[in-house]
Amino acid sequence: MRLQAGRSSLTAPIQPVTAQIPAIGNAIPSSPLCRPEANTQAQGESAVTAGDHSITETHTHMTTLPPCPQCGSEYTYPDGTLLICPECAHEWNAEEPADSHGDSLRVLDAYGNPLSDGDSISVIKDLKVKGSSSVVKVGTKVKNIRLVEGDHNIDCRIEGIGAMKLKSEFVKKS
């Protein structure tokens, strides 16, 4: 090593490094010298060439997991007995049959009659509107309701008041 005005320089030439990769058992060497060849073997086998060595390995294919029932993502993964979607964070049990929540939403009025989207209802009790001094009076008719999930499971528009959500326990089917 020579020193020149505060700098150090190497005088030894740099030699390129070459490596011989031996084939050991059924292991495929993880080296940039390995290149997968065209898959001409039977399904489930692959060939890798490393230098002068050729290796054939049999793979066990992973079982395909079902897509997420909520967002349809194909990137689901198992966690114990649950399947998890990394995109929407939905968790479900793979053993239970998937049900469609859009059609299976069951809402009953105050008298036990089933309600469905598009029904007409009547209010059976005076209801104070939060944040306003107005009141929805008994007998107020509401047309074309929409059922939603949650505590207030009826979404509707009431004349004179506007869009609001109602609890099904305060209405009856007309």
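Each reported figure results from applying straightforward, stated rules to the coordinates on display, with no laboratory input. Please read these numbers as outputs of a predicted model, since none were measured by experiment. Here Cβ is always computed from backbone atoms with ideal geometry, including for glycine, and neighbour counts include all displayed protein chains.
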Report, in debye and to the nearest 20, how large the dipole of the range 61-174 comes out about its Cα centre when Lys and Arg carry +1 and Asp and Glu carry -1 on their Cβ. 1140 debye
Residue-count net charge about T81 - beta-carbon cut-off 15 Å; Lys, Arg +1, Asp, Glu -1: -4
